[in-house]
Amino acid sequence: MVISLDLIAGVLGFLFTLLIFSYVLGDNPLFRIAVYIFVGVSSGYIAAVAWWQVVMPRLVNPFMAAISSGTLLQAGLILVPLLGALMLLVFPHVTGLGRIPMAFLVGVGAAVTIAGAVIGTLIPQVMGT
């Protein structure tokens, strides 16, 4: 007897639907188990997508290619975002090292917002008058 993947997915979907609907009876351990599983699976999925679609192709692979080709300037420029990420992740509250990349991110975000408002709203209104 072969059990298909569609059958397993259907049974799991039905089971999780019942677990979520058990909240109607009040906050119970079955509902909490379902919520913890949903949160864990979704955070694991987001971490895997971020690793394989952002960190690897945009940071690790170019860094390895720069080291293997011998262009130290390019490798040094790639190290800047890596150092900023490490400062944010490893040292968020230790000696204020996490403040440096956070200040950079806030400054870049403010500059993009102000430039977008000026170019997209203010300049067209001035040109219209």
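The values are calculated or read from the model by the stated rules, or taken from the named source; none is laboratory data. None of the values given here were measured: they were computed from a predicted structure. To get the accessible areas, we keep the full protein, side chains included, count just its heavy atoms, and leave off ligands, DNA and RNA. Shrake-Rupley method; radii C 1.70, N 1.55, O 1.52, S 1.80 Å.
Compared with the dominant principal axis of the Cα atoms in the chain, helix 72-90 is inclined by about 50°. Rounded to the nearest 10 square angstrom, Y23 shows an accessible area of 120 square angstrom against a 1.4 Å probe. For the Cα atoms of the chain, what angle does the longest principal axis make with the long axis of helix 29-50, in degrees from 0 to 90, nearest 10? Long axis of 29-50 versus the principal axis of the chain: about 40 degrees. The relative contact order of the chain comes to 9 percent, based on Cα pairs under 8 Å that sit 6 or more residues apart.
So with the 1.4 Å probe, I'd like the accessible area per residue for the chain, rounded to whole Å². Working shown, then result.
Working: 10280 Å² over 129 residues.
Value returned for the chain: 80 Å² of accessible area per residue.
For the chain, what % of the accessible area comes from carbon and sulfur atoms, probe 1.4 Å? Can you show the working numbers first?
Working: 8080 of 10280 Å².
About 79 percent, which is the carbon plus sulfur part of the accessible surface.
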